[in-house]
Amino acid sequence: MSAALLLVLALSQAAPAADDDECVVLTNVCILTVGKGDIETGTIVIHGGKIVAVGADVPVPAGARVLDRKGMTAFPGLVHALSRLGMPEGPPDATGASQLALDDLNPLSDALGPAARCGVTTFAIQPSGVGIAGRGAILKSSGGARGPQVVEKSAFLRIVLQTGTAPKDALRQALEGARKAFDADRKKVDEKTLPLLLFLKGELPAIVEAGTPAELLHFWQVLDAFSDCSPRVVIAAPLDAYKVAGALGSRKSRVILRPYLALAPFTRERINNAAELERAGAQVAFAPISDSPEGLQGIFFRMGELVKYGLSRETALRGLTLSPAEMLGIDKRVGSIEAGKDADLILFSGDPLSPQARIREVYIDGRPVLPGE
């Protein structure tokens, strides 16, 4: 086990902060729950890192610390499904289904704190490489020097599609090898084959990254040969995925997009990639255009542009929070403001999609990381 992984696991098992027993209540706040509709003026009760209660008429528990947040809007923390936060640059030392992105993570990276203060409360780190690159992890931000908390160290398989016949044949052969192990004792399946076996059985989702629409079509040709299996696939789609919107919609695909407006070839006509996929019937989620502070801070402005040019507001808000959480299989814990979920919140000075709104506070597991801890 790598030193980085040991450090992360140690940090994730650290004792809770001393103030975890304190009950904190946010009052007079507009609440965009995402999962349960909007509350114009409501209350959020936080205790033990969890949301205990949320609603318009929630009583304030005796002894609680009450924070009046009149004029602010509460929104769930962002779930960043295509992150490289804390990961090294350059090519990986090794790739393959047995590789873990967590082994390469720097848990004390300078990028983690700013990302948390931009509202990224949960993030999935992607392993480097192409083809069957390895397995990604899901982490919770801390916003401080404690390092991130490990939610799941082997959460999904990352597959990066390549052009040409040889990569497609290699992927098919690897999956065929895994299918042959369907009835085998899992303890006897080698570590390179087991993640692929779990993928075909639907127990380990895959984030499949495509550089072009053609690569998506080729991937489906491979996957259609395994119709007797039940893999869970999430597509990290290219900018021009609208060209295969019908195919994505007919398959009820789960798609993660960067929030760009495309231009039709040889014209200045804007094409709303996300709106086209939404109309076709695909489930859409979004990831920031980059992991830099500028890329993270600009996500809400870009989402506002997508809504202006045809994307539904509901899809935009869900696409930053609950939809990626559902795709990663962590929606019972994060992605919306509901009782029982982690107290991951962003407080804005106004509507999140308004260009004038600013992030005023960020809470992760009930702890304030902006301003300060």
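The values are calculated or read from the model by the stated rules, or taken from the named source; none is laboratory data. Remember, predicted model here, so these are calculated numbers, not experimental data. No Cβ is skipped: glycine too gets one built from the backbone with ideal geometry, and neighbour counts run over all protein chains shown.
Applying the condition of being small (Gly, Ala, Ser) and closer than 18 Å to Thr95 by Cβ to the stretch 164-184 and asking which residue is surrounded by the most Cβ atoms within 10 Å (Cβ to Cβ) yields Ala178.
Within the span defined as the stretch 282-290, one or more residues are aromatic (Phe, Trp, Tyr), within 20 Å of Asp38 (Cβ to Cβ) and in contact with a strand residue (DSSP E or B) (Cβ under 8 Å, 6 or more places away or on another chain).
Residues being within 17 Å of Val234 (Cα to Cα) and among the β-branched types (Val, Ile, Thr) are entirely absent from the stretch 291-312. Restricted to the stretch 48-73, and to residues there that are closer than 14 Å to Ile364 by Cβ and out of contact with any helix residue (DSSP H, G or I) (no Cβ under 9 Å at 6 or more places or on another chain), the residue that is surrounded by the fewest Cβ atoms within 10 Å (Cβ to Cβ) is Lys50. Contact annotation: residue pairs with Cβ atoms under 8 Å, 6 or more positions apart or on different chains, pairing a residue in the stretch 187-210 that is without any contact (Cβ under 8 Å) to a residue 40 or more places away in the chain with a partner that is among the basic types (Lys, Arg) and assigned to a loop (DSSP other than H, G, I, E, B), are Gly202/Arg232.
Counting just the residues of the stretch 81-105 that are touching a residue at least 60 places away in the same chain (Cβ under 8 Å), assigned to a loop (DSSP other than H, G, I, E, B) and under 19 Å from the mean Cα position of the chain (by Cα), which one comes out surrounded by the most Cβ atoms within 10 Å (Cβ to Cβ)? Taking the candidates together, the pick is Leu105. Being touching a strand residue (DSSP E or B) at 6+ places or on another chain (Cβ under 6 Å), at pLDDT 95 or above and not aromatic (Phe, Trp, Tyr) holds for only one residue in Leu320, Leu353, Leu261, and it is Leu320.
When Lys153 is tested against (1) more than 23 Å from the chain's Cα centre (by Cα); (2) under 23 Å from Arg84 (Cα atoms), exactly one condition is not met: (1). Does Phe182 satisfy the criteria of being within 30 Å of Ala325 (Cβ to Cβ), out of contact with any Leu (no Cβ under 6 Å at 6 or more places or on another chain), touching a residue at least 24 places away in the same chain (Cβ under 8 Å) and among the aromatic types (Phe, Trp, Tyr)? Criteria not met by Phe182. Selection of the stretch 208-247 for residues being under 17 Å from Leu171 (Cβ atoms) and in contact with an Asp or Glu (Cβ under 6 Å, 6 or more places away or on another chain) yields only Ala236.
When Leu157, Leu194 are checked against the criterion of being crowded, with 22+ Cβ neighbours inside 10 Å, out of contact with any His (no Cβ under 7 Å at 6 or more places or on another chain), more than 30 Å from Ala343 (Cβ to Cβ) and of a type outside the set (S, T, N, Q), Leu157 stands alone in meeting it. Could you check, for the stretch 107-128, whether at least one of its residues is over 27 Å from Ile359 (Cα atoms) and either in contact with a Leu (Cβ under 8 Å, 6 or more places away or on another chain) or assigned to a loop (DSSP other than H, G, I, E, B) (or both)? So far as the stretch 107-128 goes, yes, one or more of its residues are over 27 Å from Ile359 (Cα atoms) and either in contact with a Leu (Cβ under 8 Å, 6 or more places away or on another chain) or assigned to a loop (DSSP other than H, G, I, E, B) (or both).
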